[in-house]
Each structure stands twice: as structure tokens, then as C-alpha cells.
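Enquirer: Mind having a look at this structure? Questions to follow.
Each value in this text was obtained by applying a stated rule to the coordinates, not by laboratory testing. All figures in this text were calculated on a predicted structure; none of them were measured in a lab. Cβ placement follows ideal geometry from the backbone for every residue including glycine, while neighbour counts extend to all protein chains displayed.
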Amino acid sequence: MKKPLQVVLDVFRFHKKKILFFFAAIAFWFVTLFPYDDLSDYLTLLVTQQTQSNVYLQFDGLSFGLMPQLGIKMDNVLVESVYAPTLSMKTLGFAPKMSLLFGSTAGKLKAYGLFGGDATIDLSSSSELDVNNEMGVEINLEDVALKDLSKFLKKSFDFPVSMSGQTQVDSLLHIDPTFKKQPKGSVEIKIKDLDIPSSNISIGPANMKMSMAFPALKLTNLVIEGNINDGKLFIKEGQIGDPKNDLHGKVTGDIFFEVQRGGRLKMGGYDLKINLNVSENLKRQLGTVLGFVDIYQGIGDKYKFDSLRGVRYSMRLTARSMQTPPRVSAF
């Protein structure tokens, strides 16, 4: 047994430069001479086929990297989808993990220039939902420009307000790709220097919509931290602004939703506990809006209280859907 092992050791000892040159030549060919154009076309076709023509991936250039780990990088990426408007990013990189060689879905995606910031998506196998091909997805967004993100949400989900600020998102989700089971996990959203410009917002049921003018609003921060399970986002901490802002307070409770096949999001109802402080300055600016709020189900008489800087609203809002008016109660 010692003799064959000694032969192998001697080969490495006396021919190590040749062996290193051989592997360096392979790496050089792999990085500089590989037919990237053919692989680029294949990747575009593969994404289209795997998503049943629902997602189209387009990019200008493809390159390989060996350090700090093996991976591929695409430049000037466009992602077109039937689910949402076009996404663009400066570069998109993917670095597979060793477990990918054994049939599991594992790797890290890094997107630079997504909504003006960076995004990291870490994929791994999971067993939290007890379904086949389940994935663990860890998502981190850094320094995302809320102005760009809110424009995207407006096109995708008819988001009513344009906003600006810097956004950080940390989440860990367990996802069934078929969405026969709802995702499970945690999410934390932090927004600094939130600036909401003045706007007109339609409120009320579909057959009784009315437009109301809302003044500009600035918040030092907005923090939402919660858990996702069984079609429900449980907000365990919702911090809105701080005492120096014209509006500040806390929100906790549940928001119901359903992720349907293909990743489509269907919003449900909500059950929220709200404790908000409105300064005298903002109270004057809101004027008619707060007048309607106070009249609705006796909010002004039952759930509004005087505070040192203005008024405080403390109440529970529940509704079966986002389109129906909420029921107000104490908590």
C-alpha cells in the first residue's frame, strides 16, 4: 500500500510545476477562450423554458470568475416578466455552492444596481415546509432607493404613493416552488429618511371612491419586523417615525395574503392594532381628512385622545379584504 502512495507523492514532488501549469492553462482557457456567446444564448433559452415563457432574461456580456469562488457574471441585465414590469441591474452574478453538485438547489445571486442599490439572494435546500424541492431563500437589500422601488410597485401593484428614502431588507423565507404550501419565514424592513410628497389618494369602497389631498410627510425612520406563516404576515414590531416627527407611533397585527401559482400575490384582509400620534401642525394640514376619520364609526369620540403635541389615535382595524372598509374597535 505504501508503494503506490509513494509513487503519487513523487509525481507531485518532481512534477508540481508541470501540474500547476496544466491547471493554470485550463483556467486560462476557461476564462478567456470559453464560447460565452453560445452559453449566453443557452442561458436565455433555459430561463424562458423553465419559466414556461413567463420570464425572459437578457444581458450584454457573460464572464466567469475563479476568485474568491467559481461563478458567472452578467452585465447590463434586463428581466422581463408577465408578473411585473421590467427589472434592470448593472450586473448579476451567480456563485454555486458545492451542494449543487449533489442535486440540491444552492448558490448565491448578487445584483448590483437594482433600484439604485445592491441585492443578495442566497439559495439553499430547506425542509421547513416538508415538500419536495423546497428552497430556503435569504434576501438582503442594501441602500435601495425607495423612489425607484415605489415606481416599480406602482406599475406592478398599483401602489398609490411615490416615496423616497433608503431601504434595507433582511428576510429568510422557505418557499415551495409550486406554492401548494404558503411561504414561511421572517422579514425585517428598515427605511431611513422617508419622504412622502403631497398627493391625492382615493379611499373608500369601489362604488364610493373619494379623492382626498394628503400633505407631504417626512419620517426619520420606518421599521417593520415580523414573521410569515400560513398566508399571514404577523407584524410584531411596526415603528413609524419618532417623537420629533409630525406623525409617529406603532402598528402591530396581521396582514393576510396568498401567493398563488407562478408567484402571483393576492392580498387578503388585515387585523391591525394602531397607536398613532399626530402633531398640531399635521392636524391642521390634514383638516378635512381627519374630520372624515373622526366621523367614521365614532373614531373621534371613542378612540382619539389629547396628547402633549396634538392628538393620539389608539384603535384596532379589521377587514376581510383591502377593498372593504375596516371595522373599528378598541384593543
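Enquirer: Per q in 0.19, 0.20 Å⁻¹, report the Debye log10 I(q)/I(0) for the range 203-331, using one uniform scatterer on each alpha carbon and no solvent.
Expert: Once normalised to I(0) and log-transformed, intensities are -1.27, -1.35.
Enquirer: Where the convex hull is taken over the Cα atoms of the range 112-165, what is its projected area averaged over directions, in nm²? Walk me through the numbers before you get to the answer.
Expert: Working: hull surface 20.1 nm².
Averaging across all directions leaves 5.0 nm² for the Cα convex hull.
Enquirer: Can I ask one more? Between ARG261 and PHE94, what is 0.36 nm times their sequence separation minus the Cα-Cα distance? Round to one decimal in nm.
Expert: That pair, ARG261 and PHE94, stretches by 57.6 nm at full extension.
Enquirer: Can you tell me, using C-alpha contacts under 8 Å and at least 6 residues apart, the relative contact order of the range 225-326 as a whole percent?
Expert: Relative contact order, the range 225-326: 23 percent.
Enquirer: Moving to a separate point now. May I ask for the Rg/Rh ratio of the range 97-197, computed from Cα atoms with Rh as the Kirkwood radius, given to two decimals? Kindly include the intermediate steps, with their values, before the conclusion.
Expert: Values: Rg = 15.9 Å, Rh = 15.1 Å.
That ratio equals 1.05.
Enquirer: Ordered by residue, what ³J(HN,Hα) values in Hz, to whole numbers, does the range 318-331 give under the Karplus form 6.51 cos²θ - 1.76 cosθ + 1.60, where θ = phi - 60° and Gly and Pro are x?
Expert: Working through the residues one at a time gives 10, 7, 6, 8, 6, 8, 9, x, x, 9, 9, 8, 8, 9 Hz.
Enquirer: So, one more: With respect to the cross-link table entries LYS154/LYS181; LYS266/LYS304; LYS190/LYS236; LYS90/LYS110; LYS151/LYS184, which display a Cα-Cα separation exceeding 21 Å?
Expert: Check vs 21 Å cut-off fails for LYS154/LYS181; LYS266/LYS304; LYS151/LYS184.
Enquirer: Grab the beta carbon distance between ASN140 and ASP301, set R0 = 41 Å, and tell me the FRET efficiency rounded to 0.05.
Expert: It comes to 0.35.
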